Amino acid sequence: SGIGSEDLHDSTSAGLALTWNLWDGGQSRAKYKQAIVDKSNAELNFSRTKEALQLELDKAISQYNTLVSSFKISKEAVSLAEKSFKISQNRFKTGQASVTEVNSTEAALTQARLGLTLNTYGIHRSLATIENIVSTPQGDL
């Protein structure tokens, strides 16, 4: 019997070649050691950054608490300065006070209002700092 077309079979062959560098002059070991040093440096930087942020947060919270405590005092100072200014205006109308006294009480009122405004600004700035620190994702540290 001869070889017919039905006796032919498709055949496939594949090959795989692997090369393994047994000696690279110590480059792999040097890269490994450098990677360990880099990891250690990254961990140290992370720790320092985290500590710095914690200190900044503590400072901002302390500043906020101080400003909130002094806010009531600043409001009282404005209220007293307004009363003093009104009294000096009334005294001026009746001839019992000079223009200098009225100007002085008005300057004190302006100073008290400025103090209250600066206090309010400081509170908002402290809150923004706290919010910025607290909202920093841990992955960004």
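Read-outs: derived from the displayed coordinates by stated rules, not from any lab. Just so you know, these numbers come straight off a predicted model, no measurement behind them. Cβ atoms come from the backbone with ideal geometry, glycine included; neighbour counts cover every protein chain shown.
For the peptides 95-102, 115-122, residues were scored by their other Cβ atoms within 10 Å and the scores averaged per peptide; the highest-first order is 115-122, 95-102.
The Cβ shell under 13 Å around residue 76 holds other residues with a net charge of +3, Lys and Arg each +1, Asp and Glu each -1. A protection proxy built from the mean count of other Cβ atoms within 10 Å ranks the segments 32-40, 104-112, most packed first, as 104-112, 32-40.
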